[in-house]
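Could you have a look at this structure, given as C-alpha coordinates, before my questions?
The values are calculated or read from the model by the stated rules, or taken from the named source; none is laboratory data. This is a predicted model, so every value here is computed, not measured. All Cβ positions, even for glycine, are placed from backbone atoms using ideal geometry, and neighbour counts span all protein chains on display. The protein model used for the area step is the full one, side chains on, heavy atoms only, and it has no ligands, DNA or RNA in it. Shrake-Rupley method; radii C 1.70, N 1.55, O 1.52, S 1.80 Å.
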Amino acid sequence: MRAGRLTAIAAVIVGSVLGGWLLWGHDTARSAASSQPNPVIPVTAGTAQAQDVPSYVQGIGTVQAINTVDVKTRVNGEIMQTFFTQGQEVQQNAPLFLIDPRPYQATLDQAKANAAKDTAQLEGAQRDLTRYGKLVGSGFQTRQSFEDQQATVAQLQGAVQADEAAIETAQLNLGFTNIRSPIGGRTGARLVDPGNYVQAAAATSLVSITQVKPIYLSFTLPATNLDAIRQNQAANKLEVDAYGADGKTLLGKGTLSFIDNHVDTSTGTIALKGTFENADERLWPGEFVNARLILSVRHNAVTVPAETVMAGPNGDYIYVIDSNDTVRRRDVQVASRQDGLAVIAKGITAGERVVVGGQYRLANNVKVKIETAGAPGTAAKQAG
(Lines give C-alpha, C1' and ligand atoms only; values in the text may rest on other atoms or scores of the structure.)
Protein backbone atom coordinates (compact mmCIF):
# COMPACT_ATOMS: atom_id res chain seq x y z
CA MET A 1 0.00 0.00 0.00
CA ARG A 2 2.72 2.36 0.94
CA ALA A 3 4.78 1.26 -2.05
CA GLY A 4 1.89 2.16 -4.42
CA ARG A 5 1.56 5.63 -2.93
CA LEU A 6 5.27 6.23 -3.40
CA THR A 7 5.03 5.16 -7.04
CA ALA A 8 2.17 7.61 -7.72
CA ILE A 9 4.05 10.47 -6.13
CA ALA A 10 7.13 9.68 -8.21
CA ALA A 11 5.04 9.66 -11.41
CA VAL A 12 3.57 13.10 -10.66
CA ILE A 13 7.03 14.53 -10.01
CA VAL A 14 8.43 13.10 -13.26
CA GLY A 15 5.42 14.43 -15.28
CA SER A 16 5.81 17.91 -13.84
CA VAL A 17 9.50 18.01 -14.67
CA LEU A 18 8.91 16.73 -18.23
CA GLY A 19 6.07 19.21 -18.89
CA GLY A 20 8.14 22.11 -17.65
CA TRP A 21 11.01 21.09 -19.85
CA LEU A 22 8.80 20.87 -22.96
CA LEU A 23 7.18 24.24 -22.25
CA TRP A 24 10.58 25.86 -21.82
CA GLY A 25 11.80 24.37 -25.10
CA HIS A 26 8.71 25.64 -27.03
CA ASP A 27 9.06 29.16 -25.66
CA THR A 28 12.74 29.14 -26.49
CA ALA A 29 12.06 28.06 -30.10
CA ARG A 30 9.29 30.64 -30.52
CA SER A 31 11.56 33.34 -29.17
CA ALA A 32 14.34 32.33 -31.53
CA ALA A 33 11.97 32.31 -34.51
CA SER A 34 10.58 35.72 -33.68
CA SER A 35 14.08 37.13 -33.41
CA GLN A 36 14.94 36.07 -37.01
CA PRO A 37 14.47 38.75 -39.77
CA ASN A 38 11.72 38.36 -42.43
CA PRO A 39 12.95 36.49 -45.53
CA VAL A 40 13.79 38.50 -48.67
CA ILE A 41 11.75 37.24 -51.63
CA PRO A 42 13.35 37.30 -55.08
CA VAL A 43 11.22 38.91 -57.81
CA THR A 44 11.50 40.09 -61.38
CA ALA A 45 10.98 43.82 -61.75
CA GLY A 46 9.96 46.11 -64.57
CA THR A 47 9.09 49.74 -65.08
CA ALA A 48 5.76 51.28 -66.03
CA GLN A 49 6.21 53.14 -69.29
CA ALA A 50 4.29 55.77 -71.21
CA GLN A 51 3.84 54.95 -74.89
CA ASP A 52 1.38 55.22 -77.75
CA VAL A 53 -0.92 52.18 -77.79
CA PRO A 54 -3.26 51.51 -80.73
CA SER A 55 -6.87 50.53 -80.21
CA TYR A 56 -7.89 48.03 -82.85
CA VAL A 57 -10.35 45.36 -83.93
CA GLN A 58 -9.27 42.29 -85.81
CA GLY A 59 -10.63 39.57 -88.04
CA ILE A 60 -9.64 36.96 -90.62
CA GLY A 61 -8.99 38.25 -94.13
CA THR A 62 -8.15 37.02 -97.62
CA VAL A 63 -5.64 38.65 -99.93
CA GLN A 64 -7.14 39.50 -103.31
CA ALA A 65 -5.56 40.77 -106.51
CA ILE A 66 -6.85 44.13 -107.71
CA ASN A 67 -6.80 42.87 -111.32
CA THR A 68 -6.63 39.37 -112.77
CA VAL A 69 -6.73 38.72 -116.53
CA ASP A 70 -6.99 35.45 -118.46
CA VAL A 71 -5.10 36.06 -121.69
CA LYS A 72 -6.83 34.54 -124.75
CA THR A 73 -6.26 34.72 -128.49
CA ARG A 74 -8.42 36.92 -130.71
CA VAL A 75 -7.32 35.29 -133.97
CA ASN A 76 -6.78 31.72 -135.18
CA GLY A 77 -3.35 30.32 -135.83
CA GLU A 78 -0.31 28.43 -134.65
CA ILE A 79 1.65 29.70 -131.66
CA MET A 80 5.11 30.36 -133.03
CA GLN A 81 6.89 31.76 -129.96
CA THR A 82 6.54 32.76 -126.28
CA PHE A 83 8.34 35.71 -124.70
CA PHE A 84 7.97 35.11 -120.96
CA THR A 85 8.88 32.66 -118.22
CA GLN A 86 6.19 31.15 -116.03
CA GLY A 87 5.85 33.16 -112.82
CA GLN A 88 7.68 36.12 -114.32
CA GLU A 89 6.67 39.69 -113.51
CA VAL A 90 5.75 41.53 -116.72
CA GLN A 91 4.97 45.14 -117.52
CA GLN A 92 1.82 46.31 -119.24
CA ASN A 93 1.98 45.81 -123.05
CA ALA A 94 4.91 43.38 -122.75
CA PRO A 95 4.91 40.69 -125.51
CA LEU A 96 3.68 37.25 -124.41
CA PHE A 97 2.90 35.09 -127.49
CA LEU A 98 3.41 35.30 -131.24
CA ILE A 99 0.81 33.63 -133.48
CA ASP A 100 1.81 32.91 -137.08
CA PRO A 101 1.34 36.36 -138.72
CA ARG A 102 1.84 35.34 -142.38
CA PRO A 103 -1.81 34.66 -143.31
CA TYR A 104 -2.86 37.98 -141.79
CA GLN A 105 -0.04 39.83 -143.51
CA ALA A 106 -1.21 38.40 -146.83
CA THR A 107 -4.80 39.49 -146.11
CA LEU A 108 -3.56 43.00 -145.33
CA ASP A 109 -1.55 43.14 -148.57
CA GLN A 110 -4.59 42.01 -150.56
CA ALA A 111 -6.79 44.65 -148.90
CA LYS A 112 -4.25 47.35 -149.76
CA ALA A 113 -4.12 46.16 -153.38
CA ASN A 114 -7.90 46.27 -153.68
CA ALA A 115 -7.90 49.76 -152.21
CA ALA A 116 -5.30 50.92 -154.73
CA LYS A 117 -7.33 49.48 -157.64
CA ASP A 118 -10.60 51.02 -156.51
CA THR A 119 -8.90 54.36 -155.80
CA ALA A 120 -7.54 54.47 -159.36
CA GLN A 121 -10.95 53.65 -160.82
CA LEU A 122 -12.53 56.35 -158.64
CA GLU A 123 -10.07 58.95 -159.85
CA GLY A 124 -10.82 58.06 -163.51
CA ALA A 125 -14.57 58.12 -162.91
CA GLN A 126 -14.32 61.51 -161.25
CA ARG A 127 -12.42 62.94 -164.26
CA ASP A 128 -15.11 61.56 -166.61
CA LEU A 129 -17.82 63.08 -164.43
CA THR A 130 -16.13 66.48 -164.68
CA ARG A 131 -16.00 66.25 -168.50
CA TYR A 132 -19.62 65.09 -168.72
CA GLY A 133 -20.68 68.03 -166.64
CA LYS A 134 -19.09 70.46 -169.09
CA LEU A 135 -20.65 68.79 -172.16
CA VAL A 136 -24.20 68.48 -170.87
CA GLY A 137 -24.92 72.17 -171.33
CA SER A 138 -23.69 72.25 -174.95
CA GLY A 139 -25.69 69.15 -175.92
CA PHE A 140 -22.69 66.91 -176.61
CA GLN A 141 -23.56 64.74 -173.59
CA THR A 142 -26.94 63.66 -172.32
CA ARG A 143 -28.25 64.27 -168.85
CA GLN A 144 -28.72 60.50 -168.37
CA SER A 145 -25.10 59.69 -169.10
CA PHE A 146 -24.04 62.42 -166.70
CA GLU A 147 -26.22 61.00 -163.94
CA ASP A 148 -25.01 57.47 -164.68
CA GLN A 149 -21.46 58.67 -164.24
CA GLN A 150 -22.39 60.27 -160.94
CA ALA A 151 -23.70 56.89 -159.77
CA THR A 152 -20.46 55.21 -160.89
CA VAL A 153 -18.39 57.70 -158.89
CA ALA A 154 -20.54 57.16 -155.79
CA GLN A 155 -20.23 53.40 -156.20
CA LEU A 156 -16.47 53.59 -156.44
CA GLN A 157 -16.31 55.90 -153.42
CA GLY A 158 -18.18 53.27 -151.42
CA ALA A 159 -15.79 50.60 -152.66
CA VAL A 160 -12.80 52.68 -151.51
CA GLN A 161 -14.36 53.13 -148.08
CA ALA A 162 -14.94 49.36 -147.86
CA ASP A 163 -11.33 48.82 -148.83
CA GLU A 164 -10.19 51.15 -146.06
CA ALA A 165 -12.30 49.21 -143.57
CA ALA A 166 -10.85 45.95 -144.85
CA ILE A 167 -7.34 47.34 -144.42
CA GLU A 168 -8.12 48.43 -140.86
CA THR A 169 -9.54 44.99 -140.01
CA ALA A 170 -6.55 43.24 -141.53
CA GLN A 171 -4.17 45.50 -139.60
CA LEU A 172 -6.04 44.72 -136.35
CA ASN A 173 -5.91 40.97 -136.97
CA LEU A 174 -2.22 41.20 -137.81
CA GLY A 175 -1.66 43.11 -134.57
CA PHE A 176 -3.59 40.45 -132.62
CA THR A 177 -1.02 37.86 -133.68
CA ASN A 178 1.40 39.56 -131.28
CA ILE A 179 -0.34 38.94 -127.93
CA ARG A 180 0.72 41.46 -125.28
CA SER A 181 0.05 41.77 -121.57
CA PRO A 182 -3.04 43.91 -120.92
CA ILE A 183 -1.87 44.75 -117.37
CA GLY A 184 1.31 44.76 -115.36
CA GLY A 185 1.59 41.83 -113.00
CA ARG A 186 2.90 38.32 -112.46
CA THR A 187 2.26 35.52 -114.93
CA GLY A 188 0.90 32.16 -113.91
CA ALA A 189 1.47 28.78 -115.54
CA ARG A 190 1.67 28.70 -119.35
CA LEU A 191 -1.40 26.73 -120.42
CA VAL A 192 -0.64 26.34 -124.15
CA ASP A 193 2.80 25.53 -125.53
CA PRO A 194 4.33 26.76 -128.81
CA GLY A 195 3.34 24.70 -131.86
CA ASN A 196 -0.29 24.35 -130.83
CA TYR A 197 -3.05 25.74 -133.02
CA VAL A 198 -5.43 28.04 -131.14
CA GLN A 199 -8.82 29.39 -132.15
CA ALA A 200 -10.55 32.54 -130.99
CA ALA A 201 -13.93 30.79 -130.86
CA ALA A 202 -12.60 28.18 -128.41
CA ALA A 203 -11.82 30.91 -125.84
CA THR A 204 -8.85 28.93 -124.56
CA SER A 205 -6.89 30.68 -121.84
CA LEU A 206 -3.18 30.90 -122.68
CA VAL A 207 -1.94 32.32 -119.37
CA SER A 208 -3.32 34.31 -116.44
CA ILE A 209 -1.76 37.54 -115.19
CA THR A 210 -2.36 38.78 -111.66
CA GLN A 211 -1.58 42.26 -110.38
CA VAL A 212 0.08 41.98 -106.96
CA LYS A 213 1.30 45.56 -106.52
CA PRO A 214 -0.86 47.13 -105.12
CA ILE A 215 -3.17 44.49 -103.68
CA TYR A 216 -6.38 44.15 -101.67
CA LEU A 217 -7.02 42.56 -98.28
CA SER A 218 -10.68 41.63 -97.85
CA PHE A 219 -11.89 40.92 -94.31
CA THR A 220 -15.01 41.05 -92.17
CA LEU A 221 -15.69 42.46 -88.71
CA PRO A 222 -18.70 42.31 -86.40
CA ALA A 223 -21.27 44.92 -87.39
CA THR A 224 -21.21 46.25 -83.82
CA ASN A 225 -17.96 48.02 -84.79
CA LEU A 226 -19.48 49.71 -87.83
CA ASP A 227 -20.35 53.03 -86.18
CA ALA A 228 -16.87 53.41 -84.67
CA ILE A 229 -15.27 52.48 -88.00
CA ARG A 230 -17.31 55.00 -89.99
CA GLN A 231 -16.77 57.82 -87.50
CA ASN A 232 -13.01 57.31 -87.32
CA GLN A 233 -12.76 56.82 -91.09
CA ALA A 234 -14.52 60.15 -91.62
CA ALA A 235 -11.88 61.89 -89.50
CA ASN A 236 -8.77 60.16 -90.91
CA LYS A 237 -7.81 57.29 -93.16
CA LEU A 238 -7.71 54.19 -90.98
CA GLU A 239 -4.68 51.91 -91.00
CA VAL A 240 -5.02 48.21 -91.72
CA ASP A 241 -2.22 45.86 -90.65
CA ALA A 242 -1.83 42.36 -92.08
CA TYR A 243 -0.33 39.70 -89.81
CA GLY A 244 0.63 36.12 -90.56
CA ALA A 245 -1.14 33.03 -89.28
CA ASP A 246 0.79 33.27 -85.99
CA GLY A 247 -0.75 36.69 -85.32
CA LYS A 248 2.71 38.18 -84.68
CA THR A 249 4.51 38.43 -88.03
CA LEU A 250 3.67 41.76 -89.65
CA LEU A 251 3.28 41.28 -93.42
CA GLY A 252 2.32 44.79 -94.44
CA LYS A 253 0.56 48.05 -93.63
CA GLY A 254 -2.25 49.50 -95.70
CA THR A 255 -5.24 51.80 -95.52
CA LEU A 256 -8.96 51.09 -95.33
CA SER A 257 -10.34 51.74 -98.84
CA PHE A 258 -13.79 50.12 -98.85
CA ILE A 259 -16.74 49.67 -96.47
CA ASP A 260 -19.56 47.57 -97.88
CA ASN A 261 -22.96 49.21 -98.34
CA HIS A 262 -24.84 46.64 -96.26
CA VAL A 263 -24.46 44.33 -93.27
CA ASP A 264 -24.60 40.60 -93.88
CA THR A 265 -27.68 39.67 -91.86
CA SER A 266 -26.81 35.96 -91.83
CA THR A 267 -23.50 36.52 -90.05
CA GLY A 268 -23.93 39.97 -88.52
CA THR A 269 -20.69 41.18 -90.12
CA ILE A 270 -19.61 44.02 -92.39
CA ALA A 271 -17.23 43.46 -95.33
CA LEU A 272 -14.18 45.72 -95.59
CA LYS A 273 -11.16 46.08 -97.86
CA GLY A 274 -7.71 47.49 -97.27
CA THR A 275 -5.31 48.54 -100.02
CA PHE A 276 -1.61 47.66 -99.63
CA GLU A 277 1.30 48.86 -101.76
CA ASN A 278 2.88 45.42 -101.30
CA ALA A 279 6.21 46.56 -102.71
CA ASP A 280 7.98 43.56 -101.14
CA GLU A 281 5.22 41.16 -102.33
CA ARG A 282 4.79 39.60 -98.88
CA LEU A 283 1.05 39.47 -99.47
CA TRP A 284 -0.01 36.88 -102.05
CA PRO A 285 -3.41 36.45 -103.72
CA GLY A 286 -5.55 33.85 -101.97
CA GLU A 287 -3.54 33.97 -98.75
CA PHE A 288 -5.39 33.92 -95.40
CA VAL A 289 -4.08 36.52 -92.93
CA ASN A 290 -5.08 38.24 -89.72
CA ALA A 291 -6.33 41.77 -90.36
CA ARG A 292 -6.11 44.49 -87.71
CA LEU A 293 -8.03 47.71 -88.23
CA ILE A 294 -6.55 50.52 -86.13
CA LEU A 295 -9.45 52.64 -84.88
CA SER A 296 -7.50 55.09 -82.71
CA VAL A 297 -4.27 55.51 -80.75
CA ARG A 298 -3.97 56.15 -77.01
CA HIS A 299 -1.10 58.62 -76.70
CA ASN A 300 1.26 58.41 -73.70
CA ALA A 301 -0.71 55.58 -72.14
CA VAL A 302 0.83 53.98 -69.02
CA THR A 303 1.64 50.34 -69.76
CA VAL A 304 3.07 47.38 -67.87
CA PRO A 305 3.58 43.75 -68.87
CA ALA A 306 0.24 41.97 -68.76
CA GLU A 307 1.51 39.41 -66.23
CA THR A 308 2.16 42.24 -63.76
CA VAL A 309 -1.55 42.72 -63.06
CA MET A 310 -3.10 40.45 -60.41
CA ALA A 311 -6.80 39.78 -59.94
CA GLY A 312 -8.15 40.19 -56.41
CA PRO A 313 -11.58 40.08 -54.75
CA ASN A 314 -11.85 43.86 -55.02
CA GLY A 315 -10.45 44.17 -58.53
CA ASP A 316 -7.04 44.30 -60.21
CA TYR A 317 -3.90 45.27 -58.34
CA ILE A 318 -0.14 45.57 -58.82
CA TYR A 319 2.81 45.32 -56.46
CA VAL A 320 4.86 48.53 -56.64
CA ILE A 321 8.49 48.55 -55.46
CA ASP A 322 9.64 51.57 -53.46
CA SER A 323 13.15 52.93 -53.13
CA ASN A 324 13.93 50.53 -50.25
CA ASP A 325 13.01 47.47 -52.33
CA THR A 326 9.83 47.02 -50.31
CA VAL A 327 6.60 46.25 -52.12
CA ARG A 328 3.24 47.98 -51.70
CA ARG A 329 0.01 46.62 -53.06
CA ARG A 330 -1.68 49.16 -55.37
CA ASP A 331 -5.20 48.89 -56.80
CA VAL A 332 -5.32 49.74 -60.51
CA GLN A 333 -7.87 50.17 -63.29
CA VAL A 334 -6.98 48.31 -66.50
CA ALA A 335 -8.19 49.94 -69.73
CA SER A 336 -7.21 47.09 -72.05
CA ARG A 337 -4.91 44.13 -72.52
CA GLN A 338 -3.23 43.50 -75.87
CA ASP A 339 0.04 42.23 -77.32
CA GLY A 340 1.41 41.28 -73.90
CA LEU A 341 0.73 44.72 -72.42
CA ALA A 342 -1.81 45.98 -69.92
CA VAL A 343 -2.85 49.60 -70.39
CA ILE A 344 -3.39 51.18 -66.97
CA ALA A 345 -6.04 53.90 -66.85
CA LYS A 346 -5.64 54.65 -63.15
CA GLY A 347 -3.44 53.59 -60.24
CA ILE A 348 0.20 54.04 -61.25
CA THR A 349 2.32 56.51 -63.18
CA ALA A 350 5.07 56.08 -65.73
CA GLY A 351 8.48 55.41 -64.23
CA GLU A 352 7.34 53.45 -61.18
CA ARG A 353 8.94 50.07 -60.57
CA VAL A 354 6.56 47.12 -60.52
CA VAL A 355 6.84 43.40 -59.82
CA VAL A 356 6.60 41.41 -63.05
CA GLY A 357 7.39 37.92 -61.75
CA GLY A 358 7.26 36.27 -58.33
CA GLN A 359 4.34 38.34 -57.02
CA TYR A 360 2.35 35.27 -55.88
CA ARG A 361 4.55 35.00 -52.77
CA LEU A 362 4.25 38.68 -51.84
CA ALA A 363 2.28 40.67 -49.31
CA ASN A 364 2.34 44.31 -48.24
CA ASN A 365 5.61 45.65 -46.81
CA VAL A 366 7.61 42.60 -47.83
CA LYS A 367 11.26 43.10 -48.68
CA VAL A 368 12.24 41.86 -52.13
CA LYS A 369 15.39 41.09 -54.00
CA ILE A 370 15.34 42.16 -57.65
CA GLU A 371 16.85 39.48 -59.84
CA THR A 372 16.42 41.03 -63.27
CA ALA A 373 14.88 44.16 -64.70
CA GLY A 374 13.38 44.69 -68.13
CA ALA A 375 11.29 47.12 -70.07
CA PRO A 376 7.60 46.21 -70.17
CA GLY A 377 6.31 44.79 -73.39
CA THR A 378 9.76 44.17 -74.88
CA ALA A 379 8.92 40.61 -75.85
CA ALA A 380 5.61 41.73 -77.34
CA LYS A 381 7.31 44.48 -79.36
CA GLN A 382 9.91 42.09 -80.75
CA ALA A 383 7.21 39.60 -81.68
CA GLY A 384 5.23 42.38 -83.38
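Assuming Ile270 fulfils every condition listed in (1) in a strand (DSSP E or B); (2) open to solvent by 20 Å² or more (accessible area, probe 1.4 Å); (3) among the aliphatic types (A, V, I, L, M) apart from one, which condition is it?
(2)
Here are some residues: Thr204, Thr130, Thr107. Which one is β-branched (Val, Ile, Thr) and touching a strand residue (DSSP E or B) at 6+ places or on another chain (Cβ under 7 Å)?
Details: Thr130 fails: touching a strand residue (DSSP E or B) at 6+ places or on another chain (Cβ under 7 Å); Thr107 fails: touching a strand residue (DSSP E or B) at 6+ places or on another chain (Cβ under 7 Å).
One residue alone meets the criteria, Thr204.
Next question. Evaluate the following for Leu283: is it modelled with pLDDT of 95 or more, in a loop (DSSP other than H, G, I, E, B), open to solvent by less than 40 Å² (accessible area, probe 1.4 Å) and touching a Leu at 6+ places or on another chain (Cβ under 7 Å)?
Values: modelled with pLDDT of 95 or more: yes; in a loop (DSSP other than H, G, I, E, B): yes; open to solvent by less than 40 Å² (accessible area, probe 1.4 Å): yes; touching a Leu at 6+ places or on another chain (Cβ under 7 Å): yes.
Yes; evaluated as a whole, the condition is true for this residue.
Could you list all residues from segment 297-333 that are of a type in the set (Gly, Ala, Ser) and in a strand (DSSP E or B)?
Within segment 297-333, the subset of a type in the set (Gly, Ala, Ser) is 301, 306, 311-312, 315, 323.
Once the filter is applied, which keeps residues that are of a type in the set (Gly, Ala, Ser) and in a strand (DSSP E or B), segment 297-333 yields Ala301, Ala311, Gly312, Gly315.
Same structure, new question: If Arg102 satisfies all but one of (1) open to solvent by less than 70 Å² (accessible area, probe 1.4 Å); (2) free of Cβ contacts under 8 Å to residues at least 24 places away in the same chain, what's the number of the condition it fails?
Here Arg102 clears every test but (1).
Also: Looking only at segment 250-270, how many residues end up being among the small types (Gly, Ala, Ser) and closer than 18 Å to Tyr56 by Cβ?
The first filter runs over segment 250-270 and keeps only residues among the small types (Gly, Ala, Ser), leaving 252, 254, 257, 266, 268.
Pick out the ones that are also closer than 18 Å to Tyr56 by Cβ and you get 252, 254, 257.
The qualifying residues number 3.
Applying the selection to segment 167-210, what residues are open to solvent by 40 Å² or more (accessible area, probe 1.4 Å), closer than 26 Å to Gly286 by Cα and of a type in the set (Ser, Thr, Tyr)?
Of everything in segment 167-210, just one residue is open to solvent by 40 Å² or more (accessible area, probe 1.4 Å), closer than 26 Å to Gly286 by Cα and of a type in the set (Ser, Thr, Tyr), namely Thr204.
Continuing with the same structure: Looking at (1) open to solvent by 70 Å² or more (accessible area, probe 1.4 Å); (2) at pLDDT 90 or above, can you tell me which one Thr142 breaks?
That leaves (2) as the condition not met.
Which of the residues that make up segment 338-384 are open to solvent by 40 Å² or more (accessible area, probe 1.4 Å), of a type in the set (A, V, I, L, M, F, W, C), modelled with pLDDT of 85 or more and closer than 28 Å to Lys248 by Cα?
If the condition is that a residue be open to solvent by 40 Å² or more (accessible area, probe 1.4 Å), of a type in the set (A, V, I, L, M, F, W, C), modelled with pLDDT of 85 or more and closer than 28 Å to Lys248 by Cα, then Ala345, Ala350 are the ones that fit.
Restricting attention to segment 50-84, and to residues there that are under 18 Å from Asn196 (Cβ atoms) and open to solvent by 80 Å² or more (accessible area, probe 1.4 Å), which single residue is farthest from the chain's Cα centre (by Cα)?
Just the residues of segment 50-84 that are under 18 Å from Asn196 (Cβ atoms), to begin with: 70-84.
Remaining after also requiring open to solvent by 80 Å² or more (accessible area, probe 1.4 Å): 70, 72, 74, 80-81, 83.
Working: Asp70: 24, Lys72: 30, Arg74: 36, Met80: 40, Gln81: 37, Phe83: 32 Å.
Taking the candidates together, the pick is Met80.
Which of the residues that make up segment 294-337 are open to solvent by 50 Å² or more (accessible area, probe 1.4 Å) and of a type in the set (Val, Ile, Thr)?
Within segment 294-337, Val297 is the sole residue that qualifies.
Just checking, which of Val75, Val57 is in contact with a strand residue (DSSP E or B) (Cβ under 7 Å, 6 or more places away or on another chain), part of a strand (DSSP E or B) and either free of Cβ contacts under 8 Å to residues at least 60 places away in the same chain or β-branched (Val, Ile, Thr) (or both)? Don't jump to the end; show me each part of the working.
Numbers: Val75 fails: part of a strand (DSSP E or B).
Of the residues listed, the single one that is in contact with a strand residue (DSSP E or B) (Cβ under 7 Å, 6 or more places away or on another chain), part of a strand (DSSP E or B) and either free of Cβ contacts under 8 Å to residues at least 60 places away in the same chain or β-branched (Val, Ile, Thr) (or both) is Val57.
With the structure loaded, tell me whether Ala291 is open to solvent by 30 Å² or more (accessible area, probe 1.4 Å) and among the aliphatic types (A, V, I, L, M) or whether it fails that test.
On the way: open to solvent by 30 Å² or more (accessible area, probe 1.4 Å): no; among the aliphatic types (A, V, I, L, M): yes.
So Ala291 does not fit the description; no.
While we're here: So which residues in segment 49-73 are at pLDDT 95 or above, over 16 Å from Trp284 (Cβ atoms) and not polar (S, T, N, Q)?
Correct list: Val69, Asp70, Val71, Lys72.
Moving to a separate point now. Could you list, in sequence order, all residues of segment 177-191 that are within 33 Å of the chain's Cα centre (by Cα) and part of a loop (DSSP other than H, G, I, E, B)? First the steps, then the outcome.
Filtering segment 177-191 down to residues within 33 Å of the chain's Cα centre (by Cα) leaves 179-191.
The answer is Ser181, Pro182, Ile183, Gly184, Gly188, Ala189, Arg190, Leu191.
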